[in-house]
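Down below is the structure, laid out as structure tokens.
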Amino acid sequence: MVEDQAASVSEAITTVMGGSKPVHRFLRGQPKSIGVVLVMMGIGLFMFAIPMNVQSDAPISADQFTPFWLGILFFICGLLYILSERNPSKKMITASLALSIISVIGVLSALVEFSRAIAGIYHTHWVDTYDNYTEEEEMYAEQHYLPMKNMEIVFFCHSLIGGVLLVVMTFFARAALQSSRTQAVVVMRDLPSAE
């Protein structure tokens, strides 16, 4: 008799065909690995920008704090990617997508700023003052300007690689958030009698 009561008290069983939002498309992009890379790149940009923040005749990107804010953007994007692999939800993937788009726009403006800094260092070192240098001043200028130019080139490469990673993850996040033809099927067992 107890079994009959348990059988008569049945619940609706909901089965979702086709899965929920296709977050597997986002997970296919390995967000945890990409997130770790972006976190490390963000820390690198931020740390390498600290010694670049010096007084110089040449315009450098650290004057506009470009490596600092770009490093922070990479760090936050990387953390969101790591968290979205641990807990893949629509909200987390949407936040990752939004911050990725903002970061790609930031990367584009940073690339312009790094290019301007590289050209400014070249112009200051080779065009403006090179003719008036003595041999000692020329050696000092090479020791001062060339490492700064090399760091700007490293920042440019970091930004370019980070931008490519962000664009790729933006496409994976967009694919995961596309609506799919999800259908819910409700199966009722032991329908109640008309009594």
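The values are calculated or read from the model by the stated rules, or taken from the named source; none is laboratory data. Predicted, not measured: the structure shown is a model, and the values here were computed from it. In this analysis, Cβ positions are derived from the backbone assuming ideal geometry, glycine residues included, and neighbour counts consider all displayed protein chains.
Do we find that Ala95 is in a helix (DSSP H, G or I), small (Gly, Ala, Ser) and at pLDDT below 85 in this structure?
Spelling it out, it is not the case that Ala95 is in a helix (DSSP H, G or I), small (Gly, Ala, Ser) and at pLDDT below 85.
Got a sec? Which of Ile118, Ile161, Ile105, Ile153 is at pLDDT 85 or above, closer than 16 Å to Ile60 by Cα and in a helix (DSSP H, G or I)?
None of the other options fit; the residue is Ile153.
What single numbered condition from (1) out of contact with any Ser or Thr (no Cβ under 7 Å at 6 or more places or on another chain); (2) at pLDDT below 80; (3) surrounded by 15 or more Cβ atoms within 10 Å (Cβ to Cβ) fails to hold for Ala58?
Looking at each condition in turn, Ala58 falls short on (1).
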